[in-house]
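Okay, structure first, notes after.
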Amino acid sequence: MEQTGMIGWLDAVWASTHLVQIVEGGEAAGPLPGRAVLAELGEPPALGALRALTTTGRFTGDICRCHGHTTVVLRGTAGEALASASLHAYGSVSWERSRFRNDLEVDDAAGLHLLLAAQGVRGQVQQFLSPLMDLLRRHETDRRPQFRPAGKAGRRYLAERRVPVELHATLGRLTGQQAGELAEPQIRDLRRLLAAATPSPAERAAALLSWLGRLTVPAEAYWGEGALVRQLLADIAAPDIAAAAAAVRTGPVAMGVVNLLMTTGEDPVLAAAVAPTLRRLFPPPPA
């Protein structure tokens, strides 16, 4: 079917849609009736918003190689399935892939993932990893070592990453890789230093998230200093971490939250806390 015909088909099926279900899995997840339902949208405002977010964009003329992670199912008045679309990478929607083989890169990817997150669909905040890496320039490059060096050569990295100053003396003697391999007794000592300098758990969480969000991906963020920061955060209550994410609306804190959720699993409260920051960083396209 030509692209204009596909658009007409989309308009027709959405006009007949009375309920949308978000179900688990993409094309390889088996028949739709057997899948877990993650969310349902039936009110006209929600349906209108999801329709705009999943049908407005640029067709690629091709498909990506993955099978998708979530599926949008449009249902009619009798509950019958009218159409479905699998969700792939950030902002990539594939309507009836076996039929059309033409992925859509939506205009407002952030809006789509944040809407789904607000409906309780897990894993949506993690989709912001790649766009945040691009926005904040957190990629490893030839000019950035995989892991922070120790000693004098590593001092500027401690400053750039806003590592709490009370930890500089200890961490300055270690490489980033060694920092990620510290034993629990050493981590307890660092926690005590942080707590003495910053008694407020929410303020400590904000500083740690900001540090975590300034690390290059993947090595330093996941196996170097990032491993240490996540262990330091593990001692702070989840409500305090969420309060920090809601109060400090910066790119590094948002990236820190995404890093944390990538490794610890989805936390709906934390996802909701960081959503306004993500919306500010990735605003809707001009009308």
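Only the coordinates and a few stated rules stand behind these numbers; no lab work does. This one's a predicted model, so the numbers in the text were calculated from it and none came from an experiment. Cβ coordinates were reconstructed from backbone atoms using ideal geometry, including for glycine residues, and neighbour counts include every protein chain displayed.
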note = For the pair ALA89 and ALA247, the simple spin-label estimate (label points 7 Å beyond Cα toward Cβ) gives in nm 3.7
inquiry  = Quick check of the Kirkwood formula: for the stretch 79-212, what is the inverse mean of 1/r over all pairs of different Cα atoms, in Å?
reply    = 18.6
request  = Calculate how steeply helix 268-281 sits against the longest principal axis of the alpha-carbon atoms of the chain, using the helix alpha-carbon long axis, and give the answer as 0 to 90 degrees to the nearest 10.
outcome  = 90
inquiry  = Can you classify the stretch 135-226 as rounded, prolate or oblate using the Cα gyration tensor, where a ≥ b ≥ c are the square roots of its eigenvalues, rounded means a/c under 1.5, and otherwise it's prolate if a/b beats b/c and oblate if not?
reply    = prolate
task = Please name which of TRP223, THR263, LEU135 has its Cα lying farthest along the dipole of the stretch 127-281 towards the positive end, using unit charges on Cβ (Lys, Arg +1; Asp, Glu -1) and the Cα centre as origin.
result = LEU135
request  = Can you tell me the dipole magnitude for the stretch 43-166 around its Cα centre, using point charges on the Cβ only (Lys, Arg +1; Asp, Glu -1), in Debye to the nearest 20?
outcome  = 760
remark   = the stretch 238-254 and the stretch 144-168 have their Cα centres apart by a whole-number Å value of 23
task = Report the relative contact order of the stretch 80-179, percent, no decimals, based on alpha-carbon pairs under 8 angstrom and at least 6 residues apart.
result = 16
key: Inter-probe distance in nm under a simple model that places probes 7 Å from Cα toward Cβ, at GLU80 and ALA52   = 3.0
ask   = Once the Cα atoms of the stretch 3-121 are picked out, what are the Rg and Dmax in Å?
value = 12.9, 34
key: Extension gain, HIS67 back to GLU266 (0.36 nm per residue minus Cα-Cα distance, nm)   = 69.5 nm
task = Send over the per residue convex hull volume for the chain, Cα only, as a whole number of Å³.
result = 145
message = Once you place label points 7 Å from the Cα toward the Cβ at GLU160 and GLN186, how far apart are they in nm?
response = 2.3
ask   = Which value at 222 nm does the chain reach when only helices count, each DSSP H run of 4 or more adding -39,500 (n - 2.57), with the total divided by all residues and rounded to the nearest 500 deg cm²/dmol?
value = -14000 deg cm²/dmol
task = Would you mind classifying the stretch 127-281 by shape? Square roots of the alpha carbon gyration tensor eigenvalues, ordered a ≥ b ≥ c; an a/c under 1.5 is rounded, otherwise it is prolate if a/b is larger than b/c and oblate if not.
result = oblate
For the stretch 172-248: rounded, prolate or oblate by the Cα gyration tensor [a/c cutoff 1.5] = oblate
ask   = Roughly speaking, what is the centre-to-centre gap between the stretch 268-287 and the stretch 15-94 when only Cα atoms are used, to the nearest Å?
value = 21
